[in-house]
Amino acid sequence: MRNTDLTVCRESGPREGGAALKNVYFVQVNDFYGGRKSVYLPYAAGCIQAYCMQDPLIAERCRFGRIVYCREAPDTIAARFDTPFMVLFSCSVWNTEYNKALARAVKRIWPQCLVTFGGHNVSSDFTFLEENPFVDFVTHNAGEEPTALLLRSLLLGEPPENVPNLSFRTTEGRAVTTPILPQAGSDYPSPYLTGVFDDLLEDRYDFSVILETNRGCPNACSFCDWGQLRSKVRLFPLERVFAEIDWIVKHKIEYVYCADANFCLFSRDEKIVDYVLKCNKEYGYPKIFHVNFTKNRTEFVFDISTRMVSGGLAKAQTVSFQSMDPRVLENIGRKNLSPAHFRSLMRRFNENRIATYSELILGLPGETYRSFCEGMCSLIENGQHFAVYVYPCEIFPNSEMSQKAYREKFGIGTTRVPFLLMHSGAEPAPGAVTEYVELLTSSASMTREDWARTYVFASFVQGLHNVGFTRALAIYLRYAQGVSYLDFYEGFLSYAAARPGTRAGALYAEILSLCAGVAEGKNAFMAPCEGTNDVLWSFEEIVCIEIARDFKAFYKELFAYTDARFGGDPVLPALYRYQRDIIKQYGKSAVEIKSPYDFYTYFENVYLGEPRPLEKTPVRIALRDPCPVDTLADYAREVVWYGRNRQMADYTGHYYDITYEKLSSDSEYDP
Ligand code: SF4
């Protein structure tokens, strides 16, 4: 694999009268995943380079070096540049500190080189320039037009004040920002079709790509930087989109992330999906087409997502929420589906065996411990038993939420913690520079302690209920005894907290310490977990791994808690066995579950939104596990990481082919 040869440069045009071409380099480092095999092509940098290359003056006088997309020691990369005229950095939350380190190294080795920063993680005014003296220019919003105009003005020896969307220092050294203008272009050249990435493909990683079929978002979510722009959506020509999909097929790209903010907002998106499905069927690529669906047009979205999942292009469909509290939604500029609509949608997805997942953001303005926990449980109540993902609220520099007035209005308090990617290596990679993210960890409605408590609740409910370790038990108690999900899970956490010497108590203390550590800025919201491949896990994954590590002790304590609070029900002893037996363990491959009650049908009916009474009919479920695992490390990787959306922890989930039979008489039931 070759990722270091920066001297192989693309000449964008002929030399002019023998004058030296000016070397321009783009930097957009992305993180590797899947054991350093897969990485995204640097799309933002590629788009800007492709746009600049179409300008005749720039094409004639500049030469573009190989885009830097892999992290290496900053000095090594800076020294490898060939007399750079300008180095341009694309900044996101995962690479800004690295970019700064590399920019400092560039200035040290090449003091004449100009340094330009842009992207989501730079300020919308000259603040970033003032804070970073080694930066000469900052572009704002989309980078194509300001970057090309800046290069042109420098090549012509003109001052940059006529370039819109730019911060720079005047000759007196004062940082200024030119007018911020909306950008109207929708026919920007494609970095794929103009060959910008051709040399990178020689590196032969498993590249993933970003596909844009449009740009812009009319919505105004306060936590998102696009929400500030409220921009008109600009459609890219369909011919370009289809040609890019052809490029994806030609280069055997497996994973495509569609960056449209609201896929299916436009009817033409159906044509795009049809074309991707056709390519996948005929040529096998792409294998996954990930989109962010619009929150409107639910019928259209249901139809398209069903076709994508049936065609194998998607594994699960998002039904997103952010918060379930109407006041919070108003504070953040969002609207949700009504609970009734959500329930009917979930029922249809479940009937069609289409996996779904819902996302919530922790501690948004107006949220309290109680409103968040009730909201999370109402998702379960309305049918989302399998996948609720909860994320801390990141403050993006250009979002409404990051503005002083908004922070003051809602009493927002934040914490700066290291930014680490889930499942990235626990040990720092070569050339690693710690990145940081600002998280909302308190507000006028939620203290820091409550924020940590809410995070603990969310981590346990995701691990216990969504992954399946306690789901059957909680559902039965909900329908047979009217125990709310909130009561069941809050009760279990209180039980564990009061017993620090038990397995559950130790796990509670571990997760509380991690969540409080985030609230206090002491640790990131990912952490290693002993004996599990040295990668970083989310806290709910740590809940799952720790239960798998100490399976018997956990269930003994869970059933003791259930007996203490809800005992006396004659069904419970059989349900305890069923709940424990349907959970995959490491070291087991052949599974037989016998029960005097037909729990399997009972729970299937609940998942279909049609709860019915439990039948006292002996049942036998058998299966041979197609993916047995022998160690805790394998369990963590295969079941908790890869298998979470496929419900692999639960033998009665969609992943497994089970044999289910009703036994003809009690005499056949021999537990
Ligand atoms: S979160 Fe999505 S819908 Fe909301 S403003 Fe951002 S891009 Fe638009």
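Read-outs: derived from the displayed coordinates by stated rules, not from any lab. Note that the structure is a prediction, hence the values are computed from the model and not measured. Every residue, glycine as well, gets a Cβ built from its backbone with ideal geometry; the counts of neighbours run over all protein chains shown.
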With a Förster distance of 35 angstrom and the Cβ-Cβ distance between Ile288 and Ala480, calculated FRET efficiency to the nearest 0.05 equals 0.30
Under 5 Å from the placed amide H of Ser443, counting only residues 5+ away or on other chains, we find Gly413
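Sorted by average packing, counted as other Cβ atoms within 10 angstrom per residue and highest first, what order do 622-633, 116-127 take?
Final packing ranking: 116-127, 622-633.
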With the dipole of the range 66-151 defined by +1 on each Lys or Arg Cβ and -1 on each Asp or Glu Cβ, the option from Ala78, His120, Ala103 whose Cα lies farthest towards the positive pole is Ala78
The alpha-carbon center of the range 211-288 and that of the range 378-404 are separated, in whole Å, by 23 Å
Charge dipole of the chain built from unit charges on the beta carbon (Lys, Arg +1; Asp, Glu -1), centred at mean Cα; most positive-end Cα among Leu439, Ala560, Ser378 is Ser378
Protection proxy (average C-beta count within 10 Å per residue), highest first, orders 318-328, 569-579 as 318-328, 569-579
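Just add up the charged neighbours of Gly383: K/R +1, D/E -1, any other residue whose Cβ is under 9 Å from the Cβ of Gly383.
+1
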Compactness summary of the chain: radius of gyration and Dmax from Cα atoms, Å, are 27.1, 97
Reduced to Cα centres, the span from the range 560-632 to the range 411-453 in Å works out to 38 Å
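Pairs of Cα atoms under 8 Å, at least six residues apart: use those to get the relative contact order of the chain, whole percent. Intermediate values should be presented prior to the final figure.
Details: 1256 pairs, mean separation 63.3, N = 671.
Relative CO of the chain lands at 9 percent.
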Rounded to one decimal in nm, the spacing of the 7 Å Cα→Cβ label points at Leu155 and Thr631 is 5.6 nm
In terms of the alpha carbon gyration tensor, root eigenvalues a ≥ b ≥ c, rounded if a/c is under 1.5 and otherwise prolate when a/b exceeds b/c or oblate, the range 584-668 is oblate
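Which value at 222 nm does the chain reach when only helices count, each DSSP H run of 4 or more adding -39,500 (n - 2.57), with the total divided by all residues and rounded to the nearest 500 deg cm²/dmol?
Values: 23 runs with 246 residues, N = 671.
One gets -11000 deg cm²/dmol as the mean residue ellipticity at 222 nm.
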In nm², the average projected area of the convex hull spanned by the Cα atoms of the range 22-177 is 8.7 nm²
